[in-house]
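Encoded as structure tokens, the structure appears first; notes follow it.
The values are calculated or read from the model by the stated rules, or taken from the named source; none is laboratory data. What you see is a predicted model, and the numbers here were worked out from it, not measured in a lab. Heads up, the Cβs are rebuilt from the backbone with ideal geometry, glycines too, and the neighbour counts pull from every protein chain shown. The protein model used for the area step is the full one, side chains on, heavy atoms only, and it has no ligands, DNA or RNA in it. Shrake-Rupley method; radii C 1.70, N 1.55, O 1.52, S 1.80 Å.
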Amino acid sequence: MAEFVYKATNLSGQTVEGSMEGHDEKAVVRSLHQLGYIPVRVNPAAEKGAGSGFSFLPQRVGMKHLLALSQELSTLVAAGLPIDRSLQILASLTKNPKLKGVVQDILKRIREGSSLAEALGNHPRIFSKLYLNMIKAGESGGFLEVILSRLVKYLQSAKEVRDFLVSVMIYPLILTAVSGASIVILVTFVIPRFAKIFSDMGQTIPLPTQIMLTLSQVVRDYWWVGAGVVALAYFSLKAYNQAEERRLRWDRSKLRWPAVGSIIKKVEVARFARTLSTLLQSGVPILSALSLVKEISQNLAVSRAIGNIHDRLREGKAIARTLEETGVFPPLAIHMISVGEETGRMEEMLAKVAETYETDVQTSVKRFVSMLEPLIILVMGAVVGFIVISMLLAIFSINEIPF
């Protein structure tokens, strides 16, 4: 039995907080239902107050905050509470100051007569067009509870993919940063001390040591040139991508990069299928759904391809045939969508496409990282090894100095 802390509401809508023992979160939720409470948040007791140690830092509204808000709103609406009462409860429960202000503003606008979609639309940096259109479809169709549940599932899937990509890249990034810092310390602090010793002795030093001493001097005297080159390359690429056609060429080239290109394409296909499936299940017309999917694509080449699909569908062409004509979507995805189109189960098949490619992305990223880690170790080891050997050769040459 573990202890859990919970926040819930009673039948009159009052907020209730406390702790309860249970085998897992589901058991606690069942117990709360038996007591006549509507559970809003249930967490292990160890997580109580987690993250409060950095409350002095400015807080922003990220995906995890949006997901938590959507989950809690979905729970309250599913329990039969009016939307204004649900938002009032959420405003009292939300710890993030910025999000709390947003919820209070949404509640104020709804009480003034705005719909939920209209109120959310005043905060475009938090609620995307996808989010707004799904809420709008739910309000107009009278199934807001179902839409909120689908939104939660969509956000959970997107967060899981993003968290996976971040987690698998942490170790290579840390390894690169530590190795790079070690090399910088050796080149800028350790080697110059040896350089002074060798210059005082007036002894001819081995070629590898001369190369290393020269590189050390260049790094210490002209590091700002390297930083300037990196900054220039970054801003030049950014300026290059300002023009849509040039960005289109750049994004197309990314899809052809060795190893990385196929992963980028799979991520885009998974995002396309997941988003389109969610929108279609929510009652959004397919042409409007494709317009929204086009806007959330991170690659302009894929976005253009989705735009072409939209135009061809307006002309009455089949979606699978149009996907094939773009040359961007892989054959497996096209065949699966074609089957869904023929059987009338497009939404279901798109969801399966998303699941397939999300799993494929995880497998491909794991394989890529498994190759990247030893490569980083090999390169950094070779650099550090060259530095060490060059210093040892110079130290050994001291024995040749005549006394």
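Scanning segment 234-257 for residues that are modelled with pLDDT under 85, outside any helix (DSSP H, G or I) and open to solvent by 40 Å² or more (accessible area, probe 1.4 Å) yields a count of 1.
The residue that is modelled with the highest pLDDT, counting only those in segment 1-36 that are farther than 15 Å from L81 by Cα, β-branched (V, I, T) and part of a strand (DSSP E or B), is V5. When L81, L90 are checked against the criterion of being assigned to a loop (DSSP other than H, G, I, E, B), in contact with a helix residue (DSSP H, G or I) (Cβ under 8 Å, 6 or more places away or on another chain), touching a residue at least 12 places away in the same chain (Cβ under 8 Å) and under 23 Å from G36 (Cβ atoms), L81 stands alone in meeting it. Scanning segment 132-152 for residues that are farther than 10 Å from G283 by Cβ and outside any helix (DSSP H, G or I) returns a single hit, G142. Here L375 passes the criteria (1) open to solvent by 60 Å² or more (accessible area, probe 1.4 Å); (2) under 28 Å from the mean Cα position of the chain (by Cα); (3) touching a residue at least 40 places away in the same chain (Cβ under 8 Å) except the one numbered (3). Filtered by the rule that a residue be among the polar types (S, T, N, Q), over 24 Å from the mean Cα position of the chain (by Cα) and open to solvent by less than 50 Å² (accessible area, probe 1.4 Å), segment 328-372 gives a lone residue, S338. Among residues that are among the aromatic types (F, W, Y) and either farther than 30 Å from T356 by Cα or in contact with a helix residue (DSSP H, G or I) (Cβ under 8 Å, 6 or more places away or on another chain) (or both), F143 is not included.
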